[in-house]
Structure formats: C-alpha cells, structure tokens
C-alpha cells in the first residue's frame with residue numbers, strides 16, 4: 001500500500017468506529033496537522049484547541065470522506081486549515097491576536113528558488129504559476145490560505161476599495177487557473 | 001457587502017463561478033455567497049471538481065510546514081471527549097438488577113410453561129443499513145441457529161463495477177478492527193455461512209458496516225473504500 005492508500009484505509013476504518021485505527025491515524029497525521037494549525041495560529045494553546053476539534057470532526061465525519069475528489073491528506077489538511085482559519089478569525093475579532101497590518105500582506109512572498117527543487121508535481125506547478133502573477137497578488141493568495149486574510153483586511157491594510165481588491169484577485173485567480181490547466 | 005454598503009453579486013465580477021470556487025477554498029467568499037455557493041456545488045459536478053482541484057493545489061502551501069508532535073494531553077483530551085463512559089446517576093446502577101430480576105422470573109415462567117426455550121439458545125439479531133445518497137436500504141440479519149449471516153436488499157441496486165463488502169466490528173469496547181463477512185451479491189437476499197471463528201463476534205452491540213470496494217472485495221483485508229452505511233446488531237420483536 002502507498003502511504004496515501006494507508007491513510008485512506010485508516011479513514012475507512014475510523015468511519016466504522018474503529019478506535020485503534022483512529023489512534024493510528026492520529027499518530028500518523030497528527031504531527032503534520034498540528035504543524036499546519038501552528039503555522040496558521042502561531043500559538044500552542046490555540047493550535048492544540050484546533051487539533052482537538054479537528055480530530056473530533058474526523059471521528060464524526062470520516063464516513064463523509066467519500067469520492068469527493070480529495071486525496072486523503074488534502075482532506076485532512078483542508079479540515080485542519082479551515083478550522084484554524086475560523087479560530088484565527090474569532091481570535092482576531094476578539095482581540096486575542098493582533099489584527100492584520102500592511103506588513104503582513106508583504107510577508108511570506110511566493111517562494112523563490114527552492115520551488116525548483118520541490119519534488120511534488122502539483123506543488124511545482126502551483127509555485128511556477130504563482131510566479132506568473134504580480135507578486136502582491138501571489139502574496140494575497142498565499143496570505144488568504146495560510147493567514148486567513150479577508151478581502152476587508154487586505155483592503156484596509158492596503159488602503160484600497162474592497163471591490164477593487166476583489167476584482168484584482170479574481171482576475172489573478174482566473175489567470176492562475178488558466179496556467180494550472182495548461 | 002462592498003465598502004460603500006452595496007451588496008455585490010459575484011456574477012458581476014470577473015471569473016464567475018470558476019473564480020468563486022477558488023475564493024471558496026481560500027475562505028474569501030462573503031457569508032451569504034458562501035451559503036449560495038455550497039448549495040450550487042451540490043448540483044454541479046464540474047464545480048465540485050473545481051473546488052477539489054483548488055483544494056489539492058492550495059494544500060501544497062502546507063508542504064513546507066514541518067511536522068510538530070502535539071503534546072500528549074491533546075490525544076488524551078480527544079479520546080476522553082469521544083470515548084469516555086458517560087456518568088450514570090448512582091440509582092441507575094440498581095435498575096438492571098431490578099429489571100433483571102423481573103425478566104428472569106418471567107423467563108423462568110415461560111420456560112416452565114412452554115418448555116420451548118432451551119438453555120444457550122441465542123437470539124436472532126438485526127441491523128438496519130441505509131445509505132440515502134445511493135438509495136440503498138438493507139437489513140442485516142444474523143441467524144445463530146443456522147449460523148448464517150443474511151443481508152436483504154429492500155431498495156437500491158448493487159453496481160456491476162464495484163463490490164459492496166460487509167464488515168462486522170466486534171463489540172469488545174476497545175475499538176477492535178472490522179472483520180470481513182463477505183460481499184453483497186446481486187440477489188435480493190445475500191446468504192453467507194459464517195465460519196466458526198467469526199461466530200463469537202456476532203453479538204448484540206456489534207456493528208455492521210458496508211463499504212464500497214474494488215470488484216472482488218478489499219485487497220487488503222481491511223476496508224479501503226467509502227463507508228456506505230453503519231448499524232448496530234440488535235434483537236427485534
């Protein structure tokens with residue numbers, strides 16, 4: 001079995017209420033998912049809270065992991081990333097973490113040369129296509145995914161109208177789609 | 001909402017639903033558009049594929065993220081939230097004894113009067129298995145006297161290109177692994193003679209599950225495909 005098939009099989013067993021498979025799945029994927037939650041939230045306590053929520057959700061919804069086209073790790077990462085972004089947004093609006101500043105929009109630009117050594121084909125294509133976008137738009141896409149930036153935050157931090165930001169970004173997303181499907 | 005308070009329709013923006021699929025995965029859609037979009041993907045397979053493709057690509061942003069072992073208390077908290085025994089008021093502990101005494105007396109009377117129920121006779125067990133998405137309605141039935149496991153198909157069909165596999169998860173309380181019982185046949189009634197080794201797991205509370213597998217069943221001995229339906233074995237009137 002490939003690692004992907006192994007995780008898929010564990011998810012299937014979890015869907016049937018197999019607790020041992022649940023623990024195996026946790027041991028196998030927990031460190032990556034905790035890393036993702038930490039990357040988004042940057043605080044141990046919040047990331048632990050999210051990881052707990054994610055695994056409760058996995059236990060309860062493993063049966064819904066079906067032929068929805070997601071690979072198993074993508075499903076797990078997407079569930080984790082979405083839960084972390086929700087928590088981050090609540091923390092931002094509740095003042096638990098700092099609001100978005102203009103500097104955040106410029107932080108973490110699209111990766112440079114190291115992208116060329118990435119083995120994964122999809123990752124390589126994504127980074128190659130992001131480089132075809134204006135750098136600030138590529139940073140927005142990445143910032144939305146990893147830092148939960150919203151249009152309102154981008155607009156406020158860059159002193160641009162929300163509608164304008166959205167129009168730009170949607171154009172860039174279409175350009176990205178075109179490049180990815182080449 | 002726009003900054004001047006006028007709601008914007010994503011239809012007026014460049015990219016239409018295709019751009020909205022990317023915005024959805026990035027979490028950028030305003031709440032009302034997100035709700036509408038989720039409704040739309042339910043009935044639009046192309047759009048659903050777009051969403052899956054974006055999710056796959058954007059998840060690559062997490063490739064450079066290092067693994068960090070979570071502290072041990074996280075798993076403890078998760079498992080106790082999911083599997084901890086629920087607290088029972090103390091007087092409830094008495095209830096089984098009270099009911100048991102009544103039932104034992106009643107049963108003794110039946111045995112004496114009819115002489116039909118021999119010691120050690122096991123009850124028949126049933127589980128309803130329903131998959132709304134596929135319109136599949138099944139009834140699992142364990143017949144201990146003939147040592148046969150049956151699955152009656154009351155609605156839905158079994159596709160020709162995949163197998164539906166029957167699993168039983170023993171009620172051992174420690175989350176034992178599913179055990180394969182066999183495959184659902186194209187007949188309305190699937191009858192599977194159960195080998196002696198599996199008879200002890202056919203108890204009330206054991207869970208029956210149906211998974212979709214490659215033709216001929218799971219190649220690994222453990223379920224690999226999506227789980228269609230799950231139900232616990234129980235006695236019926």
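Here, each number is a calculation from the coordinates, and none is a lab measurement. Owing to the predicted nature of the structure, the values given are computational and were not obtained by experimental measurement. Backbone-built Cβ (ideal geometry, glycine too); neighbour counts: all protein chains shown.
Can you work out the FRET efficiency for the pair residue A:160 and residue B:146, with r the C-beta to C-beta distance and R0 = 56 Å, to the nearest 0.05?
Working: r = 75 Å, r/R0 = 1.34.
E between residue A:160 and residue B:146, to the nearest 0.05, is 0.15.
How crowded by other chains is A:79-90, given as the mean number of beta carbons from other chains within 10 Å of each beta carbon?
Values: counts 0, 2, 7, 3, 0, 0, 2, 1, 0, 0, 1, 0.
Other-chain Cβ atoms within 10 Å of each residue's Cβ, averaged: 1.
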Can you bin chain A into rounded, prolate or oblate? Criterion: square roots of the alpha carbon gyration tensor eigenvalues sorted a ≥ b ≥ c, rounded for a/c under 1.5, prolate for a/b above b/c, oblate for the rest.
oblate
Rounded to the nearest 10 degrees, what's the angle between the helix A:19-41 long axis and the longest principal axis of chain A, both from Cα atoms, 0 to 90?
10
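Using 0.36 nm per residue of separation minus the Cα-Cα distance, give me the extension gain between residue B:73 and residue B:39 in nm, one decimal. All intermediate terms of the calculation are to be shown ahead of the outcome.
Working: separation 34, 0.36 × 34 = 12.24 nm, distance 3.84 nm.
Difference between extended and current length: 8.4 nm.
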Chain A: most fluctuating residue of A:121, A:132, A:96 per GNM, C-alpha cutoff 10 Å:
A:121
Angle between the Cα long axis of helix A:44-61 and the longest principal axis of chain A, 0 to 90 degrees, nearest 10?
60
Taking 0.36 nm per intervening residue step and subtracting the Cα-Cα distance, what contour gain separates residue A:28 from residue A:98 on full extension?
21.9 nm
Nearest 10 degrees, 0 to 90: helix A:72-93 Cα axis against chain A principal axis:
60
Mind checking the mean number of beta-carbon atoms from other chains within 10 Å of the Cβ atoms in A:139-149?
4
For peptide A:45-57, compute the average count of partner chain beta-carbon atoms within 10 Å of each residue's beta-carbon.
3
At what distance in nm do the modelled label points of residue A:71 and residue B:188 sit from each other, each positioned 7 Å from its Cα along Cα→Cβ?
4.5
